[in-house]
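J.: This structure is in structure tokens; I'll ask about it shortly.
Nothing in this text is a laboratory measurement; each read-out follows from the coordinates by a stated rule. This is a predicted model, so every value here is computed, not measured. All Cβ positions, even for glycine, are placed from backbone atoms using ideal geometry, and neighbour counts span all protein chains on display.
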Amino acid sequence: MGAQKKGATARVSEDPEELARNPLQAILLADSFATTFRPITLERPKVLLPLVNIPMIDYTLAWLESAGVEEVFVFCCAHSKQVIDYLESSQWSSQPNFSVATIESHNSISAGDALRLIYERNVIHGDFVLISGDTVSNMLLTQALQEHKERKKKDANAIMTMVVKQSKPSPITQQSRLGTDELFMAINPVTKQLLCYEDKAEYSKGFISLDKTLIADNPSIILHNDKQDCYIDICSQEVLSLFTDNFDYQHLRRHFVKGLLVDDIMGYKIFTHEIHSSYAARIDNFRSYDTISKDIIQRWTYPSVPDVLCGSTAIKVERQGTYRASDVTLSRSAHVGSFTFIGQGTKIGNDTKISHSVVGEGCTIGSNVTIEGSYIWNNVTIEDGCQLRHAIVCDGVIMKSGAVLQPGVILSFKVVVGQQFVVPAYSKVSLLQQPTQQDSDEELEYADSTSGTGELQSEKLNGDIAPDLSETASELGTGGVGYIWSVFEGVQDEEWRHSVAPIPTDKLVKLMLDEDEEQLTQDGNVLSASGELKADSDDNGSEDENNEDSRDDYVFFEKEVEATFLRAVHENVKVDHAVLEVNALRLSYNMASVDCAGAIFYSMMKLAVESPHSSASELHKNAAEMITKWQKLLKSFLHDIDEEIEVILKFEEMCLESAKEFAALFPQVLHLLYDKEILQEDAILRWADEKEGADESDKVFLKRSEKFIQWLKEAEEEDDDD
Amino acid sequence: MPDTQALVNDFLNKLKKRKIEGSQATAKQTAELLRSVISQTRVPYTNQAAALIQSVKAVGEGLIAANPVELAVGNVVRRVLHIIREEDLSLTTAAMAGLNLSAVSDDEDDVGGDNQPVLSAAAIAAASRSTLRPPSLQTLLEDVPDSAAVPHTSSSGGDSEGKSKSADKSSRSRKLKHDVIEAVNELIQDINTCHEQIAEQAVENIHQNEVILTLGSSRTVLEFLCAAKEKKRSFRVFVAEGAPRYQGHLLAKELVTRGLQTTLITDSAVFAMISRVNMVIVGAHAVMANGGVIAPVGLNMVALAAQKHAVPFVVLAGSHKLCPLYPHHPEVLLNELRSPSELLDFGEFSDCLDFGSGIGAPLLHVVNPTFDYVPPKLVSLFITDTGGHNPSYIAEIYQLFVTSLRGEDMKFKSEIMKTNCVAGGNLVKS
């Protein structure tokens, strides 16, 4: 109650009368209006799904209670009966100073509808906390609330305070650790006003646009991509009426927040409150389910941790973060690894290994079972020799002996997996058949099919279908019961992003490459195929660093060209195509054609040196072949005499440094280039002239090719004579 | 009177949410709650003690379960249970004596000087320990050095006992409750005044120009040091900051406002500074039956440093912190793992905690235990509200105390465990 008292005194000093009238209220949306947890949510509402063995809504309510909220309105829509029944039987119905009332609806299809309905009920009398029932937090509301109230006093248009938290998105997958898309927020660092809110959908084009008036109005703006939206909002009453006025607002963020930010006719403002040491996160998808479960087990959410929330000694924390209920039957040879939760009444057989997992109550786990990173709910039977990796297994599932769950599998309620059956990665299995019509609009999610009548339907289905399935050998092996849901096209590629399983390394590698390619594309606006080749080049890492130094730039460029050239050689790419690619690189690195010529020549010579040879004459032969074959490529970058001189200089440099073997062959190769009409005699002579004045040490090659130059000069004179 | 059940629930909630800081506050509130539970309990004509014990146990179980790490709750519950048994026994014997040997009672009164109830020959064994007075542990602590000395009085309780020698059944039932409440009042009083009682001994322990080292913050230590200061002792204090909560900063500030010369150091500098220190004085979370101490994290290190340099390591503990359980007792939860965010900023390290890649488990673990265990051999002296004792002595006292609990209250703990499992299971299932 400490927080509450603090909050109360703070408010008393402000306005005692207002406090007397308005206890702090909260609206808890016990419906996510999304389908991310299907097929599980067809049978049970998301807020009642166990998170480390405790229903999600308990975490949210426990937080609200400890944060000093006195009145909570739980809005239930899908499976509303289950939610109401649960709340009535739970501890929350009998708390002093903390009342939980439910508001039921059968036809709300979005958060917007829910708020409109609540507005009609006229139960909110002041500022309120808007939160969804799948949020886990331990932050203190006092400060945020006070800031909100002070702002509201100064400026009546400051109607909402959004809680944000720092969280760096992965540079590779462009998503946060909670599996949500990278989020861009523009915030005024002084006033903390939110100026722009963009999630992935909009900036996928590679840029985000800020209204220039924003920059004119605000002395400074910080653009963040490392903030995570906690989905905890402190709202003033106006928010509800705004929803009612704008009946097309559905989604809290996509419509409401953006609506306010973009169209500022009404002048309403949204502010942010950043939390640092405390925890807040929302379970949005299976990835965040996994992440937040692990955060809870690692106690980031303290005091919202299983041993405290259960409020009894039934669960004890042991070394290495193992949580174990007191009456677990554990075989002596079973190995329970670190960061694992084992619920009450669970039996675990010989030589079974469990790590980084949650096992619920009343489960029976046989011998030689391997469970890794999985979430097993209550009363699950797993027979001998099964293997589970990064899977979610709901209540009442039976896995026959030897069954295997590959990463990312979801087994919904009471599914039976047949003997030795391997459930492929990322499959979702349910007793219910997949709804044939999939709503493309994310807003109209499970609410429509399951609210009210949906529930009855599902119960009926349960009764009817299960026996049918068991007779015919089902999709889940002999004796298996359940349907494997097919994945919709387009979503398939993205399945791994939001799954419980960690992202496979091959995906990461692929993404990394794609990203490099993308970078090139963005830089030069021309697609380059060279990206694939970069897998084995060592400069991937340094690539990301600043390319400011033009010398570095040239080195990278040279490597790129070399890679392109090698590919052209090995894959017999047509010369025209190779020219195109090199040109693309030239543009993307902002190089001149002089550099291209140098780089290509360098690549050719390098390849010649690297191809097997035993003597100088063979090397000469190699070089000749190479030059003959690729002269066209080289020529296309030799537009004038300067570029030709560059080639000679480059060659000279190579002979001195990287390819000393050529040193002896310098005049011969020079001759060869002359013969192939790659170098004009003017270029060679100019080079010779330039070198005339240089140091002795620089003249080594000039001297060696003296004869050739002499010959050239003579020939010229002869021409002149003619 | 407010509804007891509501009070209990409210207190349970606070315990569960870890909203009560410090064992003194917890102990006091527990005792007050139990007092109201006792006063609200309807006592039948026969076997009143059993009824009281029943209701206190029922509440106590819940309280202990709500925060098993806060051992003070269990200590107070056990003490209250003990009070009830002792009062009951004293009344029974008084009644028997009243019926049979009234003459003896007069003698006893003269000897005892205040409140000794009359003792029958049958109850001599119990009486000889002058047991029949709450709080028993304190009695023991005081009686062992001088069994003849009569501990400070529970005069009100004594008076009432004196008046009601007639062993009328109906008055007895009222009287039992009354006596128990009186005794619990006294317990609360003791808990309230334990700081002052400990602080009274400050002058004997802190000498002129000494350097005292402490870690973190403890109210007992603060009062102790200030008491010495008030008695015109001049000394210096080194305060180790007590990571990760840095309560040492607060203590340093407080000491400075009271005019003490204070030096703040990091925890890791303790060993470097210990050679200049004359005495280490720290508070404790609980004192176990073997004389070991459960104390804020970091103290074991300080104790080792002190031992290395032969610096006395003094632990201040109110008697409500004395716990009759052994640290290796399987039911004792010795530690509380708090949020890792006290150590580092989650946002800063969020990329180290990404489970999306690799093996699906973070490579970075952050562990933040609250308590340390200091074995008895590292403790030089305990200063309780009844005086200074050394660890082996404390262990002895416990032996006596444990036998005086007659097993029943000791079993209490394990009974609780069983019932809790059931209760906890129901809670989770619902």
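J.: Give, rounded to the nearest 20 debye, the magnitude of the charge dipole that the stretch B:1-92 has about its Cα centre when Lys and Arg contribute +1 at Cβ and Asp and Glu contribute -1 at Cβ.
T.: 260
J.: Apply the Karplus parameterisation 6.51 cos²θ - 1.76 cosθ + 1.60, with θ equal to phi minus 60°, to every residue of the stretch A:254-261 and state each ³J(HN,Hα) to the nearest whole Hz, in sequence, with x for glycine and proline.
T.: In residue order, the calculated couplings are 5, 9, 5, 4, 5, x, 5, 6 Hz.
J.: Could you pull out every residue, at least 5 positions away or on a different chain, whose amide H is within less than 5 Å of the one on A:C196? Hs are placed 1.01 Å off N in the peptide plane, and Pro or chain starts have none.
T.: A:A186
J.: How big is the C-alpha Rg of the stretch A:49-181 next to the rule-of-thumb value 2.2 N^0.38 Å, as a ratio? It would help to have the intermediate numbers written out before the result.
T.: Details: Rg = 16.7 Å, N = 133, 2.2 N^0.38 = 14.1 Å.
Cα-based Rg divided by the globular estimate yields 1.18.
J.: Between A:I342 and residues 5 or more places away or on another chain, which pairs have amide H atoms under 5 Å apart, with H built 1.01 Å from N, and which residues are they?
T.: A:Y323, A:R324, A:A325, A:V359
J.: Next question. Please give me, ordered by residue number, the trypsin sites (Lys or Arg not before Pro) of the stretch B:28-90 that lie in loop per DSSP and have at most 12 other Cβ atoms within 10 Å.
T.: Details: sites: B:K28, B:R35, B:R42, B:K57, B:R78, B:R79, B:R85; in loops: B:R42.
When the trypsin sites (Lys or Arg not before Pro) of the stretch B:28-90 are filtered for loop state and at most 12 Cβ neighbours within 10 Å, B:R42 remain.
J.: With respect to the cross-link table entries A:K168/A:K212; A:K400/B:K17; B:K17/B:K231; B:K14/B:K377, which display a Cα-Cα separation exceeding 31 Å? Walk me through the numbers on the way to the answer.
T.: Values: A:K168/A:K212 27 Å; A:K400/B:K17 42 Å; B:K17/B:K231 40 Å; B:K14/B:K377 35 Å.
Table pairs above 31 Å Cα-Cα are A:K400/B:K17; B:K17/B:K231; B:K14/B:K377.
J.: Please identify every one of the trypsin sites (Lys or Arg not before Pro) in the stretch A:568-607 that sits in a loop by DSSP and has no more than 16 other beta carbons within 10 Å of its own beta carbon. Spell out each step's value before the answer.
T.: Numbers: sites: A:K574, A:R586, A:K606; in loops: A:K574.
Here the sparse-neighbourhood loop sites are A:K574.
J.: Hey, how much of the P(r) for the stretch A:270-325 falls beyond 12 Å, as a percent of Cα pairs? All intermediate terms of the calculation are to be shown ahead of the outcome.
T.: Working: 1092 of 1540 pairs.
Looking at the stretch A:270-325, the distances longer than 12 Å represent 71 percent of pairs.
J.: Right, another one. Could you please report the charge total around A:A156, scoring K, R as +1 and D, E as -1 over all other residues with beta-carbon less than 14 angstrom from its beta-carbon? Each step should come with its number before you reach the end.
T.: Values: positive: A:K149, A:R151, A:K152, A:K153, A:K154, A:K269; negative: A:D127, A:E150, A:D155, A:E238.
Net of charged neighbours comes to +2.
J.: Return the sequence-ordered ³J(HN,Hα) values of the stretch B:202-210 in whole Hz as given by the Karplus equation 6.51 cos²θ - 1.76 cosθ + 1.60 applied to θ = phi - 60°, using x for Gly and Pro.
T.: Karplus-based 3J(HN,Hα) across the stretch B:202-210 equals 4, 4, 5, 9, 9, 10, 4, 6, 7 Hz.
J.: Also: Mind jotting down the distance between the C-alpha centroids of the stretch A:397-415 and the stretch A:301-379, whole Å?
T.: 18
J.: So what are the ³J(HN,Hα) numbers for the stretch A:584-592, from phi and the Karplus equation (6.51, -1.76, 1.60; θ = phi - 60°), rounded to whole Hz, Gly and Pro as x?
T.: My calculation for the stretch A:584-592 gives 4, 4, 4, 5, 5, 9, 6, 10, 8 Hz in order.
J.: If only Cα atoms are counted, what is the Rg of the stretch A:288-446, and what is its Dmax, in Å?
T.: For the stretch A:288-446, the Cα radius of gyration and maximum Cα-Cα distance read 16.2, 52 Å.
J.: So which of B:K229/B:K321; B:K57/B:K321; B:K28/B:K321; A:K606/A:K676 end up more than 23 Å apart, counting from Cα to Cα? Please report the intermediate quantities before stating the final value.
T.: Values: B:K229/B:K321 25 Å; B:K57/B:K321 20 Å; B:K28/B:K321 11 Å; A:K606/A:K676 19 Å.
Violating the 23 Å limit, Cα to Cα: B:K229/B:K321.
J.: Long-range amide H contacts for A:S99: which residues qualify at under 5 Å (H placed 1.01 Å from N, peptide plane, sequence gap of 5 or more or a different chain)?
T.: Residues meeting the criterion, in which the H sits 1.01 Å from N, are A:E71, A:V72.
J.: Within 10 Å of each Cβ in peptide B:3-15, how many partner chain Cβ atoms are there on average? Round it to a whole number, please.
T.: Numbers: counts 1, 0, 2, 3, 1, 0, 4, 4, 0, 1, 9, 2, 1.
Mean shielding count: 2.
J.: One quarter of the convex hull surface, Cα atoms only: what value does that give for the stretch B:286-353 in nm²?
T.: On the way: hull surface 29.0 nm².
In nm², the orientation-averaged hull projection of the stretch B:286-353 is 7.3.
J.: Taking the highest mean first, how do the peptides B:194-205, A:562-573 order by number of other beta carbon atoms within 10 angstrom per residue?
T.: On the way: B:194-205: 18.5, A:562-573: 16.5.
Going by the mean number of other Cβ atoms within 10 Å, highest first, we get B:194-205, A:562-573.
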